[in-house]
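Trainee: Please see the structure below; I have some questions.
What follows draws every value from the coordinates through simple rules; no lab data is involved. Since this is a predicted model, take the numbers as computed values, not measurements. Here the Cβ is made from the backbone with ideal geometry for all residues, glycine too, and neighbour counts use every protein chain on show.
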Amino acid sequence: MSTQTQPITLTLPDGSTRAYDAPVTGLRLATDIGPGLAKAALALKVDGEMRDLGHLMTADAHVSIITRQSDEALELLRHDCAHIMAEAVKELFPETQVTIGPAIEDGFYYDFYRETSFTPDDLVAIETRMREIVKRDEAITREEWDRDAAISHFKGLGEVFKAEIIEGIPAGETISVYRQGGFLDLCVGPHLPSTSKLGAGFKLMKLAGAYWRGDHRNPVLQRIYGTCWRDEKELAAHLLQLEEAEKRDHRRLGREMDLFHMQEEGVGMVFWHPKGWTTYRVLEAYIRRRLEASGYVEVKTPQLLDRRLWEASGHWEKFHDHMFTSQAEERDLALKPMNCPGHIQIFNQGLTSYRELPLRMAEFGSCHRYEPSGAMHGIMRVRQFTQDDAHIFCTPEQVESEAVTFCALLASVYKDLGFEEVLVRFSDRPEKRVGDDAVWDKAEADLKAACATAGLAYELNPGEGAFYGPKLEFTLKDAIGRKWQCGTLQLDFNLPERLGAQYVGEDGRKHHPIMLHRAILGTFERFIGILIENYAGHLPVWLTPVQAVVATVTSDGDAYAHEVLADLKAAGVRAELDLRNEKINYKVREHSLAKVPYLVVVGRREAEERTVSLRRLKGGEQFGLALADAVTRLKEEATPPDA
């Protein structure tokens, strides 16, 4: 019996088409378009799905060729880098078992099982062997295996972890294995056509521990992290950024500036020192003033609430793994992970009229969420935190205007704090959610309409919305190009109904309000960490805990130094006195390390002339001023931008 192949038409991103009488591979398509593209091609995308360059296309499709310049290239390169690292490890240390090795942000890792611990010298040897494998230009090919044969093969190699992974794959599903040189690895792909396509833009970074499948009851694995980029230039830029980030690390600067500390007796919780708490309170006061000026009312809700409320809201089912729970008087209780259910309880005290809406209810709410020990990072990711949280209860007609108004407030606050560039992501319905699809359709459409009115361009972030509604995520870019997701705006049609919130509409009937969950900073802890790193500790003067230190050259200036200090404090400047019998250069170094903005130097001559020597410690600028002029200047810099 003869078989006939159907002609196929492949549509390219520019709308042009290529027709073929028989199935065709991605490499053939790239070659037909041009030899330059064929040389640059790494993979292809078929109807939105990434495929190997050797993938055979048998039907009409929309196709694009992936090159190093494509958005998708980095994840592909990083995934292959993990496989090449695994091959290098197996060549150097054959007794090692390979487990799982994914691409991650900025790079990749692979988890290995080995009785002997890897050393930093081993990483050097592994990276050297990886570069040899790249030079070998080993072809990377996909093979489909019978499930039982694959299990038997990997068990025969002593790779029990790989065999266990395959055993967990349902019978009948395709088992794909990739071969590069003499190395075989279980993987769904896609991959580069050969190892030489990886290039030289990679580096192994560090070792860490991990549990098999993330379970502490399972064997301990050794994880090797690496970074991978399109080329050596991008790699060098990334390594330079890491070097700069290390200098700006908020944990180190927090110690040097005496702002805060953390310890094992309070895992994931911050011990704020007087100076750090000063910055915290100044930031909180600034946000409070901005909210009051924008028509918000401030409330305070309980920390510990009964399980029944969390069940009604949906948190007990959808968020329970992240909640700290307790029992008292035979009742299940939970520390609040968020403030919204409590705010609805306040709304529910009395029947609200549509004339009272929108109601903008704010709280600097202290919340607790369980974060695994390995996930926490200084004050950036903690278990106890305070949100600059608020919930706007409004009618359907008010949703768009309230969303637009909030976005303008958020942009203004970020600008005051020194962040001009804000990126927006639109996160739609997650797999675990409450509410009907029709309600989600409406919520997502309304939030997109608000974005259009506000002139916000956004990137789609599929499936990452809150369990009760879609959200906008606002991401800042800091001084060295890193991105930090901070503010959020979530549109919620579900929780008010679940918790019985109602208002009387213009028609005299009862309706459920729409609820906008919103935060600007996100959490005070994390945002202060971001500020410290963005400014490398040199915070804007209005946020700095100690804005000026009055320092004497000799004891002859002590009495006048007290006068200067009194004038500065009377003007609202947070100032301290340094009368120690130390050389002025020593004082400059010490206060520079503490990131004090100004040193006000006085001596006998300054006392006689009623002047000061004002020294800006960052940059070393120094000039003499009359005392009154110096106080005026420092007062201006010390004043918050909204005052």
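Trainee: Per residue and in Å³, how big is the convex hull formed by the alpha-carbon atoms of the range 546-638?
Mentor: It comes to 78 Å³ per residue, whole-number rounded.
Trainee: Label the range 157-226 by shape, choosing from rounded, prolate and oblate, from the square roots a ≥ b ≥ c of the eigenvalues of the Cα gyration tensor; if a/c is under 1.5 it is rounded, and otherwise prolate applies when a/b is larger than b/c, oblate when it is not.
Mentor: oblate
Trainee: Let me ask something else about it. Find the cysteines in the chain that fail to meet the 4.7 Å Cβ criterion with every other cysteine, and list them.
Mentor: That list is CYS187, CYS340, CYS367, CYS394, CYS407, CYS451, CYS486.
Trainee: Separate question: Indicate the gyration tensor shape class of the range 396-533 (rounded, prolate or oblate), computed on the Cα atoms with a ≥ b ≥ c the square roots of the eigenvalues: a/c under 1.5 is rounded; otherwise a/b larger than b/c is prolate and the rest oblate.
Mentor: prolate
Trainee: Please arrange VAL588, VAL573 by how many other C-beta atoms lie within 10 Å of their C-beta, fewest to most.
Mentor: Going from least to most buried by this count: VAL588, VAL573.
Trainee: For LEU460 and ARG289, what does the FRET efficiency come to when R0 = 45 Å and r is the distance between their Cβ atoms, rounded to the nearest 0.05?
Mentor: So, using R0 = 45 Å, E works out to roughly 0.80.
Trainee: Treating only the Cβ atoms of Lys and Arg (+1) and Asp and Glu (-1) as charged, compute the dipole magnitude of the range 189-283 about its Cα centre; round to the nearest 20 debye.
Mentor: 180
Trainee: Another one. Hey, which lysines would be in cross-link range of LYS618, C-alpha to C-alpha under 27 Å, not counting anything within fewer than 8 residues on its own chain?
Mentor: Candidates past the 8-residue exclusion: LYS247, LYS275, LYS415, LYS477, LYS483, LYS569, LYS583, LYS587, LYS595, LYS635.
Trainee: Okay, next question. Would you mind giving the average projected area, over all directions, of the Cα convex hull of the range 309-349 in nm² with one decimal?
Mentor: Value for the range 309-349: 3.2 nm².
Trainee: Right, here's the next one. Return, for the Cα atoms of the chain, the radius of gyration and Dmax in Å, separated by a comma.
Mentor: Just the Cα atoms of the chain yield Rg and Dmax of 30.2, 112 Å.
Trainee: Once the Cβ-Cβ distance between LEU56 and MET269 is put in as r, and R0 is 60 Å, what FRET efficiency do you end up with, to the nearest 0.05?
Mentor: Once the sixth-power term is evaluated, E becomes 0.60.
Trainee: Check each of the GluC sites (Glu not before Pro) in the range 273-358 and keep only those in coil by DSSP with at most 11 other C-beta atoms within 10 angstrom; list them in order.
Mentor: GLU329, GLU330
Trainee: Quick one: GLU464, GLU420, GLU636, fewest Cβ neighbours within 10 Å first, how do they rank?
Mentor: Sorted ascending by nearby Cβ count, the order is GLU420, GLU636, GLU464.
Trainee: Let me ask something additional. By a straight-distance test (C-alpha under 16 Å), which lysines pair with LYS203 as possible cross-link partners, with residues fewer than eight away in the same chain excluded?
Mentor: Excluding near neighbours in sequence, the set is LYS135, LYS233.
Trainee: Right, something else. In whole angstrom, how far apart do the alpha carbon centroids of the range 142-178 and the range 553-604 sit?
Mentor: If you average the Cα positions of each part, the centres end up 71 Å apart.
Trainee: Another question, if that's okay. 7 Å from Cα along Cα→Cβ at both ASP436 and VAL188: what's the point-to-point distance in nm?
Mentor: Simple spin-label model gives 3.3 nm for this pair.
Trainee: Please work out the ratio of the alpha-carbon Rg of the range 193-267 to 2.2 N^0.38 Å and round it to two decimals.
Mentor: Against the empirical 2.2 N^0.38 Å value, I get 1.59 for the range 193-267.
Trainee: By counting other Cβ atoms within 10 Å of each Cβ, how are THR11, THR552 ranked from fewest to most?
Mentor: THR11, THR552
Trainee: Right, another one. Need the list of lysines near LYS300 for cross-linking: C-alpha distance under 16 angstrom, and skip anything on the same chain fewer than eight residues off.
Mentor: Straight-line reach from LYS300, under 16 Å: LYS336.
Trainee: Using Cα atoms only, what is the angle between the long axis of helix 524-534 and the major principal axis of the chain, expressed in degrees (0 to 90) to the nearest 10?
Mentor: So the inclination is approximately 90 degrees.
Trainee: Please report the antiparallel percentage of the DSSP beta bridges confined to the chain, to the nearest 5.
Mentor: If I count the DSSP bridges inside the chain, around 85 percent turn out antiparallel.
Trainee: Under the 0.36 nm per residue contour assumption, what length would be gained going from the current alpha-carbon distance of ARG381 and ASP249 to full extension?
Mentor: So the chain would gain 46.1 nm between ARG381 and ASP249.
Trainee: Sticking with this one: Roughly what would the spin-label model give for ASP321 and LEU242, points 7 Å off Cα along C-beta, in nm?
Mentor: In this crude spin-label approximation the distance works out to 2.9 nm.
Trainee: Additional query: May I ask you to evaluate 6.51 cos²θ - 1.76 cosθ + 1.60, the Karplus curve with θ = phi - 60°, for each residue of the range 302-314 and list the ³J(HN,Hα) values in order in whole Hz, giving x for glycine and proline?
Mentor: x, 7, 10, 10, 5, 3, 4, 5, 5, 5, 5, 6, x
Trainee: Would you mind pulling out the separation of the Cα centroids of the range 27-96 and the range 243-265, in Å?
Mentor: 41
Trainee: If the only charges are +1 at each Lys and Arg Cβ and -1 at each Asp and Glu Cβ, what is the size of the charge dipole of the chain around the Cα centre, to the nearest 20 debye?
Mentor: In debye, rounded to 20, the chain gives about 1240.
Trainee: Now for a separate question. Would you mind computing, in nm to one decimal, how far apart the modelled labels at THR17 and ALA408 are, each placed 7 Å from Cα along Cα→Cβ?
Mentor: Placing both labels 7 Å along Cα→Cβ, they lie 4.9 nm apart.
Trainee: Another question, then. Of all DSSP beta bridges in the range 546-638, what percent run antiparallel (nearest 5)?
Mentor: Rounded to the nearest five, the antiparallel share is 50 percent.
Trainee: Please report the Cα spread of the range 73-245 along all three principal axes, rounded to whole Å, starting with the longest.
Mentor: That works out to 49, 36, 26 Å along the principal axes.
Trainee: Once you order the gyration tensor axes a ≥ b ≥ c over the Cα atoms, which shape class does the range 5-103 get: rounded for a/c under 1.5, otherwise prolate or oblate by comparing a/b with b/c?
Mentor: prolate
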